[in-house]
Every structure is written in structure tokens, then in C-alpha cells.
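The values are calculated or read from the model by the stated rules, or taken from the named source; none is laboratory data. No experiment lies behind these values; they were computed from the predicted model shown. Quick reminder, even Gly has a Cβ in these numbers, built from the backbone with ideal geometry, and neighbours come from all protein chains shown. Calculation scope for accessible area: heavy atoms of the full protein, side chains included, ligands and nucleic acids excluded. Shrake-Rupley method; radii C 1.70, N 1.55, O 1.52, S 1.80 Å.
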Amino acid sequence: MSAVSTSSGPRAAAPETPARRDAEATKAVILKAARHLLARHAHADITLKAVAERAGVSAPLILKYFGNKDALFARVMSFDTDADDLLDAPLADLGRHMVRHVLASQRERGADPLLRIAFAPLHGDHGEVLRANFRAQVTERLAGRLTGPDAGLRAELAVAGLLGLGVMYGIARGPHLRETGIDAIADRYGPVVQEQLTPGT
């Protein structure tokens, strides 16, 4: 007869296992590969095989973790986690922080997650999902932090400035911009964005 525990106290959380950490790392690699492809190809033209090859995993592993292509790209088309990082600063310092975040994403990871919105026209009906997510998770969320009149317009103008910066840096590859340090650019461009967030301060 097997022993049965009668302890009624709270159970300690099990430590994270190496397998769990490996699974999360693999999911992150798959999502990064899918984002890369989504920024360059129409949704309909992207296959799980292409994602798997870029991620260095098997297509069945993608199915194991995400279920199917639509579920994978539902995650890819979300800006929620990216917005957490983008907006992670006090309002008074947010303009400079957002500029640094956009440039650091480009410089350190080779991609700016916000720029996925620029490719929405490539994706047909899925492009509208991308737009709706961007509005709800980025611009409307930012607007909710602002005070004073025209908060929605000001949030959109601030984000437009960031997208323009991202395009010039990562797509047009402006040589002067790319040769200048992130902090120097943030010192110049941060106040431009901040003026929309806290006008007149």
C-alpha cells in the first residue's frame, strides 16, 4: 500500500527544470524566426517549414509548441510583450526611453518589433489583425497614460515619430544615424517624442 501525504500546508513551487527553460528558449527562437519572415513576406507565403528552417528546429516541434500556423502567427502578431518594454519608464522620461528602445532593438537584435506594423499591407486579412493589435496594445495603451487634451492624437504622433526613426535606421539605413551613438540620438530625438507625451513641460 502506497503512502499518502496528509500534510495540509502550502506546497512549495517546484524549481524550474532545465527542460522547461529549454522549451521557453526554443519557443522564443521560433517566434523570432516567424517575426523575421513576417516582416519580409506575405503571411500566406510563409510556411511552417520556412519558419522551422530559420529557427533551426523541426516543423513538428512548432506544431507541438504552438498547435498550428494560425496560432503561431497570432502570437507573432501581438505587440503586448513589446509594448511592455517600450513603455517601461516614468512618463516624464518616456520619450527618451522609447527612442533608446527602438534603436537598441535594431542595433542589438537586428529588428525593431514595432516595425512589423509597416508590413501590414502585405498580409491581407491578417494585416487587419496586426493593425488592430498595434492600435490596442501600443497607441491606445500609450494614450491611456497621457493626461490633457487629444491624448489619442498625441500618442499616435509620438509613435509615428518612433516608426519614422525605426524606418530611417533599420530600412533606409541612414549612414549618419547609424554612425551616431544611441544616447546622442536619444538626447536629440527624445524631446521631440516627449513633446507629444507631456506638451509644454
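Accessible surface of region 40-101, 1.4 Å probe: 49 percent of it comes from carbon and sulfur atoms. Per residue, the chain exposes an accessible area of 57 Å² to a 1.4 Å probe, with every protein chain left in place. In this simple spin-label model, placing a label point 7 Å from the Cα along the Cα-to-Cβ direction at both LEU61 and VAL192 gives a separation of 4.2 nm. For the chain, the 222 nm mean residue ellipticity estimated from helices alone, with every DSSP H stretch of n ≥ 4 adding -39500 (n - 2.57) and the total spread over all residues, rounds to -18000 deg cm²/dmol. Taking θ as phi - 60° and the Karplus parameters 6.51, -1.76 and 1.60, the scalar couplings of region 139-152 work out to 6, 5, 5, 4, 4, x, 8, 8, 10, x, x, 6, 4, x Hz in sequence order, x denoting glycine and proline. Relative to the 2.2 N^0.38 Å rule of thumb, region 149-201 has a C-alpha radius of gyration ratio of 1.24. With a 1.4 Å probe rolled over the protein heavy atoms of all chains, the accessible area of THR201, THR147 falls in the order THR201, THR147, largest first.
Among residues other than LEU157 whose Cβ falls under 10 Å from its Cβ, what is the net charge (Lys/Arg +1, Asp/Glu -1)?
-2
The alpha-carbon positions of the chain define a convex hull whose volume is 191 Å³ per residue. If R0 is taken as 41 Å, the Cβ-Cβ distance between ASP70 and ASP93 corresponds to a FRET efficiency of 0.60. Taking only alpha carbon atoms, region 104-201 gives an Rg to Rh ratio of 1.00, where Rh is the Kirkwood radius.
Computing FRET efficiency as 1/(1 + (r/R0)^6) for ALA184 and ALA44, where r is the C-beta to C-beta distance and R0 is 41 Å, gives about 0.45.
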